[in-house]
1. Name the strands (runs of 3 or more DSSP E) wholly inside the stretch 37-139 in which the number of residues that are under 30 Å from Asn7 (Cα atoms) and among the small types (Gly, Ala, Ser) is 1 or more.
2. Out of the strands (runs of 3 or more DSSP E) lying entirely within the stretch 235-347, which hold 3 or more residues that are farther than 21 Å from Asp200 by Cα?
3. Filter the stretch 178-213 down to the residues that are open to solvent by less than 10 Å² (accessible area, probe 1.4 Å), assigned to a loop (DSSP other than H, G, I, E, B) and hydrophobic (A, V, I, L, M, F, W, C), then identify the one that is farthest from Asn225 (Cα to Cα).
4. Is there any pair linking a residue in the stretch 210-239 that is under 19 Å from Ala445 (Cα atoms) to one that is open to solvent by less than 10 Å² (accessible area, probe 1.4 Å) and among the basic types (Lys, Arg), with Cβ under 6 Å and at least six apart or on different chains, and which?
5. Just to be sure before I move on: is Glu161 acidic (Asp, Glu), buried (at least 24 other Cβ atoms within 10 Å of the Cβ) and in contact (Cβ under 8 Å) with a residue 24 or more places away in the chain in the structure I sent?
6. For the list (1) part of a strand (DSSP E or B); (2) more than 16 Å from the ligand (Cβ to nearest atom), I need the number of the one condition that Pro143 fails.
7. Of all helices (runs of 4 or more DSSP H) completely enclosed by the stretch 364-472, which ones contain at least 3 residues that are hydrophobic (A, V, I, L, M, F, W, C)?
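The values are calculated or read from the model by the stated rules, or taken from the named source; none is laboratory data. Treat the numbers as computed from the prediction; the structure is a model and nothing was measured. A quick note on method: Cβ atoms are made from the backbone with ideal geometry, for glycine too, and the neighbour counts reach across all protein chains shown. SASA here: full protein model, heavy atoms, side chains in, ligands and nucleic acids out. Shrake-Rupley method; radii C 1.70, N 1.55, O 1.52, S 1.80 Å.
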Amino acid sequence: MELLIKNGFVYDPINGVEGEKMDIAVKDGKIVESVDEHRAKKIDASGMTVMPGGVDIHCHIAGSEVNTGRLLRPEDHLKDFERKTIITRSGVGHSIPSTFTTGYRYARMGYTTIMNPSMPPLEAKHTHEELNDTPMVDKATYPLLGDWWFVLEYLKEGKIEECARYVAWMITSTKGYAIKLVNPGGLEAWGFGHNVNSLDDQVPYFGVTPREIIRGLCKVNKLLNLPHTIHVHTNNLGKPGNYLTALDTMKCVEDLAAENKPVIHITHCQFSAFKGSDWRTIESGAEEIARYVNNHSHVTLDMGQVIFTDTTTMTADGPFQYTLHELSENKWVNHDVETETSSGIVPFRYRRKSYVHAIQWSIGLELALLIRDPWKIFMTTDHPNGGPFTSYPRIMTWLMSIKAREATLRRINPRARSKSLLPSIERELGFYEIAIVTRAGQARALGLHNKGHLAAGADADIAIYNVNPETTDPSREYKMVRKAFRKAAYTIKGGKVVVRDGEVVKHVEGATMWLDVKTDEQAEVTDEMKRRFREYWTVEYDNYPVTENYLQVSHPIAVKASV
Ligand SMILES: [Zn+2]
């Protein structure tokens with residue numbers, strides 16, 4: 001079980017390695033200082049780029065929402081299918097591929113860790129069943145907690161410590177990884193056909209505001225010492241003028257930051273960076289958001305890049321999905337998850353010639369290029385909302401090459417082109433920065449200490465791409481770089497070669513990571529609480545938690561809370 005990767009150009013930003021030619025040694029699934037050169041299996045990586053395995057901080061790949069999307073869209077399966085091979089199973093789906101295909105496609109691109117961002121706690125079992133069924137990658141999932149009645153009740157009473165204990169109980173019970181907030185307060189309001197429009201609107205019947213929910217859960221997150229920050233989908237997402245709400249959201253936790261550490265992650269920020277008063281006058285708010293982020297260190301973001309393709313939008317933001325259904329006149333599913341959250345699904349096609357879609361395309365890239373520090377903004381499409389994850393290599397080359405951006409700019413809506421900030425941006429990311437925005441930065445933001453880097457002790461999750469950074473100019477030869485990122489020369493998962501030249505050569509399961517949060521005092525399980533479970537939910541308290549034996553490969557991460 002020893003492996004030696006020889007002579008590759010290594011990009012390992014967490015350890016400050018920038019394209020140095022060096023060997024990487026692997027033993028028993030971990031990176032080690034050295035191995036016996038004669039005994040070890042050798043990979044000749046000369047002329048190739050070696051990076052830690054890719055990490056995706058936000059992709060909808062499992063659970064009832066994703067599966068309902070699959071049911072809603074037979075047309076998504078028909079046009080994109082994969083035959084079985086001796087090693088892989090068959091599968092279907094362009095924007096919402098079936099579980100096995102999802103794992104294979106990530107592995108082919110050199111990705112080894114992916115995070116499923118929105119799990120209604122009530123549907124945790126379904127989510128874990130599908131994560132179990134997604135091979136090749138390690139994974140985790142974030143329970144939706146911003147509109148959970150227990151949270152709203154405790155925050156209303158200002159009981160932060162009690163709230164923290166229940167959140168700890170919920171994360172551990174549902175085998176979750178981070179606190180997810182979606183349109184905080186808005187989902188509860190949606191239960192009554194309403195929404196919230198600012199951080200200071202009241203949530204019906206609870207008398208709390210989105211600001212209080214965000215701040216409250218940010219404090220809870222700190223009390224629990226969770227590895228990731230709160231993970232926030234802002235209020236007013238997808239509405240013209242919402243860049244102000246995004247700024248308000250980041251500002252509202254500014255005073256909770258300590259030691260320049262992030263305390264909030266704004267996800268798929270493109271969808272929250274619209275200037276203008278309606279769809280006709282919509283413009284980019286990327287400059288304003290980038291200015292704020294450049295001047296503050298308590299926030300990280302991911303892009304939510306739009307791709308011009310047919311895709312499926314899905315989010316817990318039920319009211320937003322209703323708006324999108326009305327705009328697109330497409331078929332639609334909407335769901336109220338008892339007293340926890342909501343969700344909606346609408347098929348969607350982003351068109352080059354649409355002014356709004358082209359502006360959205362531009363905003364995602366503007367954010368990633370105008371935010372100077374690559375440790376603050378990560379590459380995502382909010383798969384499948386902005387487009388399928390399989391388009392990541394395309395985004396990497398847009399980030400690396402003015403020429404690649406120009407090639408797309410030429411083909412978009414002319415009015416959007418004239419408004420786009422991209423022609424004025426000369427920045428092109430190099431391989432080192434790409435390694436940050438696609439793996440190192442994401443792993444650091446998630447607090448995954450054994451992922452996203454290649455020092456001894458790290459998990460041996462490695463991607464090798466057939467591109468020579470010494471002889472290839474990604475700015476000019478972006479098509480070649482894109483090809484290399486599409487099909488990893490090697491993907492190594494837990495020390496095993498699982499992909500060779502873009503083909504899956506070995507099936508591995510991948511673990512489900514979850515937080516085992518230990519509080520000094522446990523959440524009190526009183527008869528009153530059990531009664532509320534009976535009243536609020538169709539699942540009783542005793543049946544609610546996901547037991548560890550439910551996970552195919554369980555990887556608990558112990559967290560010691562300060563409450
Ligand atoms: Zn999302």
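1. Working: elements: 41-44, 49-52, 54-56, 111-119.
Where strands (runs of 3 or more DSSP E) fall fully within the stretch 37-139 and carry at least 1 residues being under 30 Å from Asn7 (Cα atoms) and among the small types (Gly, Ala, Ser), they are 54-56.
2. Values: elements: 264-266, 299-302, 310-315, 333-337.
So the answer is 299-302, 310-315, 333-337.
3. Among those residues, the one meeting the criterion is Val196.
4. Going by the 6 Å Cβ cut-off, the qualifying pairs are His231/Lys180.
5. Numbers: acidic (Asp, Glu): yes; buried (at least 24 other Cβ atoms within 10 Å of the Cβ): no; in contact (Cβ under 8 Å) with a residue 24 or more places away in the chain: yes.
So Glu161 fails the test.
6. (2)
7. Values: elements: 392-400, 402-409, 414-419, 431-435, 441-446.
In the stretch 364-472, the matching helices (runs of 4 or more DSSP H) lie at 392-400, 402-409, 431-435, 441-446.
Every residue, every condition in (1) within 26 Å of Met115 (Cα to Cα); (2) exposed (fewer than 12 other Cβ atoms within 10 Å of the Cβ); (3) within 16 Å of the ligand (Cβ to nearest atom), yes or no:
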residue: Ile43; (1), (2), (3): no, no, no
residue: Met51; (1), (2), (3): yes, no, no
residue: Thr68; (1), (2), (3): yes, no, yes
residue: Arg89; (1), (2), (3): yes, no, no
